[in-house]
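*Asks:* Let me begin by handing over the structure; questions about it come next.
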Amino acid sequence: MLNFEGIDENLKFIVMETQTQVGAILDLLRMPSTSGYEKIVPRDDYIDNLKNIIESNCVAKLTAEKNLSKEDINEIRAIQIIGNNLERIADYCVNISRQMGYMDNPEFIHEFDYETVFPKISESISRSYTVLKDRNLAGALTICRVEYELDEWYKVSFDAIMERLKVGQNIQNLITVLFIFRYLERIGDALLNIGEALILAIIGEKIKIHQFQALQETLSRSGFEGTLDELDVHSILGSRSGCIINRLEQRRSNWSQAQESIFKECNLSKIRREKNNLELWAEKYPGLAPKILGYYEEGDKGALLVQFLAGRTLDEVILNAAEEHLHNAFFILKQVLEEVWLATRQDGPIDTDYLKQIRARLPQIHHVHENFSRPMNQGTIKVASSEELLSACAEIESRLLSPFAVLIHGDFNVNNVVYNHELQQIHFVDLYRSRYADYVQDVSVFLISNFRIPIFDEVLRSRLNWIIEKFYEFSSQLALSWQDRTFNARLALALARSFYTSTRYELNKEFAKEMYLRAHFLMEKVAGHHGTGRPWEEFSLPISVLYY
Amino acid sequence: MTHLSQNEKFEYESIQDNVSVRDFIQSLLDGIEHGRIILQSNEDEIIMHPNNLLKFTVKARKKEDQSRLNIKVSWKETKLAAITKPKSLTATA
């Protein structure tokens, strides 16, 4: 299989996430619960997003590369179809979960056989990636055949439901079960499309490329009065936040630059939070965050149109810009942060929840890396298990309060900072997690967002290490001047959190393991210091853990 | 004395009693603690500078006729000098 940068990894992710979604539906059918339902909808947004990324990467590849062979083109098309159909399957899962709400007795469904189809669906989804990779024609045909098997099962189930309907009882439940089974049957249709796409990739028979339906829908709902062909959609930016993000620009020259904007569509609670946070930032530090140009809500979705901030994201500056630009950007960033932290400072003490954040993400981490949890070792060598470390550090954290709160960015990734060299300005974007909290959260996320960039070229890595070193220096000096005595200890826990949870987005096993091991090293250091009984201001953070 | 710039290697194989093995490991431990280990034979010399971020692996295996204990210590040679100043990108051009 070709190694299409970015596509391959996202394909793996969408396969994994869709499989999880199907598993979640089975769990929900077996034992209906509100919490089960609530997990399904956000995951669907993430899957939609992955589909869009795969789709745009595929199209970019097809349009940008002139020397693609026919085989390459077929494979890219196949990947795109697979992504689309996995997303469709995920949508059917959401529909099924909604149908469950119409049953007055959710256990009624147990009177029918739904268990037998799930292993088939799940296996077909999980095999779609390996079949493509191994060019396994038999595997592709097996996936196609599942559609036939699902049809057969649907026919039997349909007849059974009809028989029960004639009795005239449980009408609503019976019809709901029928609808649910109909969606399962349609999952079979999507699997057939996937199977056919795999065959296309393997034996090279041409098919039609699907249209950008999702994108067109998004655009038509954007509130722009112009028609589609007046817009240049510069990029379909994906983020793991589960939002769909497009940059829109009017082609007509009489439109001013101010009308360039970012359109963001998301689930309602997320987009409302972002809107509120943007308003809060506009009040506290005008000009730092993008201006809101439009906002609307519809159903359970919300959309936000915000000012497009010209410039480059800070990761681009670190990796691509001239030294002078990097120095300027960093100088301004430090100034802005110090000002924001001072201006928004609220005296505490306040709690932090770094260990809780790790725990909340453990299922996702283990979903990607099964073995990223350490058992206890006893005997000549004694090593605490992950579980013991997490508990011990949570206990320590509950007593390590932050002396004050500031308005934090909340997702202070290096790529959520925009630098405009011409105007010598820094901007913050993606502020939906902004809140009053410990500034160490932002410090840690910023440091590790640089660390985890999977670039190993010596020169580029030295630039990442440089920004890490300087940023740590800056923040620890501020902490010192503010007499924040537990800064290093809190930072160690926050870094453990950032390292550990970052592994769920990293499929490079070696690099992910490095971060997982570093998280444990930091937790051991904190637990070890606690054992000595010495004051926390004497805790020395092993700085080398920040460099790769 | 051979001095390879890219991949320096040193290998030592012997039969020892437990006390001599302890002594050998002890001197390695001292080297790890002080950040300097020198391994030298007639032809090769290798100087290592273990830092304070070491990957440490212990593997044990017991078979009927033979047992094995593997202890591995490895580390990345992060060039600290390189991070005092961001490297200019022209170096890669």
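*Asks:* Quick test of your reading of the structure: A:S269 fulfils all but one of (1) surrounded by 15 or more Cβ atoms within 10 Å (Cβ to Cβ); (2) under 23 Å from the mean Cα position of the chain (by Cα); (3) at pLDDT 85 or above. Name the failing condition by number.
*Replies:* Against the list (1) surrounded by 15 or more Cβ atoms within 10 Å (Cβ to Cβ); (2) under 23 Å from the mean Cα position of the chain (by Cα); (3) at pLDDT 85 or above, A:S269 comes up short only on (1).
*Asks:* Moving to a separate point now. Run down A:A282, A:A310 and say which single residue is under 30 Å from A:S462 (Cβ atoms), more than 14 Å from chain B (Cβ to nearest Cβ), surrounded by fewer than 17 Cβ atoms within 10 Å (Cβ to Cβ) and not charged (D, E, K, R).
*Replies:* A:A310
*Asks:* Moving to a separate point now. Only residues that are touching a Leu at 6+ places or on another chain (Cβ under 7 Å) and within 18 Å of A:D189 (Cβ to Cβ): list them for the stretch A:132-151, please.
*Replies:* A:A140, A:I143, A:C144, A:V146, A:E147, A:L150, listed by residue number.
*Asks:* Got a number for residues in the stretch A:152-199 being out of contact with any Leu (no Cβ under 9 Å at 6 or more places or on another chain), free of Cβ contacts under 8 Å to residues at least 40 places away in the same chain and surrounded by 14 or more Cβ atoms within 10 Å (Cβ to Cβ)?
*Replies:* Total satisfying the criteria: 1.
*Asks:* Would you be able to say whether some residue in the stretch A:87-97 is more than 20 Å from A:N193 (Cβ to Cβ) and in contact with a Phe, Trp or Tyr (Cβ under 6 Å, 6 or more places away or on another chain)?
*Replies:* Yes, there is a match, as at least one residue in the stretch A:87-97 is more than 20 Å from A:N193 (Cβ to Cβ) and in contact with a Phe, Trp or Tyr (Cβ under 6 Å, 6 or more places away or on another chain).
*Asks:* Which condition from (1) without any contact (Cβ under 8 Å) to a residue 60 or more places away in the chain; (2) over 27 Å from A:L200 (Cβ atoms); (3) not polar (S, T, N, Q); (4) not in a helix (DSSP H, G or I) is the one that A:Y114 breaks?
*Replies:* (1) is the only condition that A:Y114 fails.
*Asks:* Can you pull out the residues in the stretch A:110-151 that are among the hydroxyl-bearing types (S, T, Y) and over 21 Å from A:I25 (Cα atoms)?
*Replies:* A:Y129, A:T130, A:T142, A:Y148
*Asks:* May I pose another question? Looking at A:G348, is it surrounded by fewer than 16 Cβ atoms within 10 Å (Cβ to Cβ), part of a loop (DSSP other than H, G, I, E, B) and either over 28 Å from the mean Cα position of the chain (by Cα) or in the same structural domain as A:T486 (by TED's automatic domain parsing) (or both)?
*Replies:* Spelling it out, it is not the case that A:G348 is surrounded by fewer than 16 Cβ atoms within 10 Å (Cβ to Cβ), part of a loop (DSSP other than H, G, I, E, B) and either over 28 Å from the mean Cα position of the chain (by Cα) or in the same structural domain as A:T486 (by TED's automatic domain parsing) (or both).
*Asks:* Is there a residue being away from chain A (no Cβ under 14 Å), modelled with pLDDT of 90 or more and more than 30 Å from A:W466 (Cα to Cα) anywhere in the stretch B:47-58?
*Replies:* no
*Asks:* Does the stretch A:60-96 hold any residues that are assigned to a helix (DSSP H, G or I), at pLDDT below 95 and of a type in the set (G, A, S), and which are they?
*Replies:* A:A60, A:A64, A:A78
*Asks:* Quick one: what pairs do we get from the stretch A:295-314, first residue free of Cβ contacts under 8 Å to residues at least 40 places away in the same chain, second acidic (D, E), C-beta under 8 Å, 6+ apart or different chains?
*Replies:* Short answer, once both residue conditions are applied: A:K301/A:E265; A:G302/A:E265.
*Asks:* Out of all the residues in the stretch A:88-102, which are farther than 17 Å from A:K39 by Cβ and within 22 Å of the chain's Cα centre (by Cα)?
*Replies:* Listed by number, the list holds a single entry, A:R88.
*Asks:* Give the residues of the stretch B:17-46 that are among the polar types (S, T, N, Q) and either modelled with pLDDT under 90 or under 30 Å from A:R518 (Cβ atoms) (or both), sorted by residue number.
*Replies:* Once the filter is applied, which keeps residues that are among the polar types (S, T, N, Q) and either modelled with pLDDT under 90 or under 30 Å from A:R518 (Cβ atoms) (or both), the stretch B:17-46 yields B:Q26, B:S27, B:Q40, B:S41, B:N42.
*Asks:* Still on this structure, I have one more. Would you be able to say whether some residue in the stretch A:353-370 is surrounded by 15 or more Cβ atoms within 10 Å (Cβ to Cβ) and in contact with a strand residue (DSSP E or B) (Cβ under 7 Å, 6 or more places away or on another chain)?
*Replies:* no
*Asks:* Could you run through the stretch A:489-509 and say how many residues are within 14 Å of chain B (Cβ to nearest Cβ) and within 16 Å of A:S373 (Cβ to Cβ)?
*Replies:* Going through the stretch A:489-509 one residue at a time, the tally reaches 1.
*Asks:* What residue, among those in the stretch A:321-337 that are surrounded by fewer than 14 Cβ atoms within 10 Å (Cβ to Cβ) and modelled with pLDDT of 95 or more, is farthest from the other protein chains (Cβ to nearest Cβ)?
*Replies:* A:Q335
*Asks:* Test A:A512 against the stated conditions and say whether it is under 25 Å from the mean Cα position of the chain (by Cα), away from chain B (no Cβ under 12 Å), assigned to a helix (DSSP H, G or I) and in contact (Cβ under 8 Å) with a residue 12 or more places away in the chain.
*Replies:* yes
*Asks:* Let me ask something else about it. Checking the conditions here, which among A:D351, A:D315, A:D347 is in contact with a Ser or Thr (Cβ under 9 Å, 6 or more places away or on another chain), of a type in the set (D, E) and away from chain B (no Cβ under 14 Å)?
*Replies:* Going through A:D351, A:D315, A:D347 in turn, the sole match is A:D351.
*Asks:* Among the candidates A:R518, A:R534, single out the residue that is closer than 20 Å to B:E77 by Cα and of a type in the set (K, R).
*Replies:* A:R518
*Asks:* For A:I543, only one of the following conditions fails: (1) β-branched (V, I, T); (2) within 14 Å of chain B (Cβ to nearest Cβ); (3) buried (at least 16 other Cβ atoms within 10 Å of the Cβ). What is its number?
*Replies:* (3)
The values are calculated or read from the model by the stated rules, or taken from the named source; none is laboratory data. Keep in mind the model is a prediction, meaning the values are calculated, not measured. As a convention, Cβ positions derive from the backbone with ideal geometry for all residues, glycine included, and neighbour counts pool all protein chains shown.
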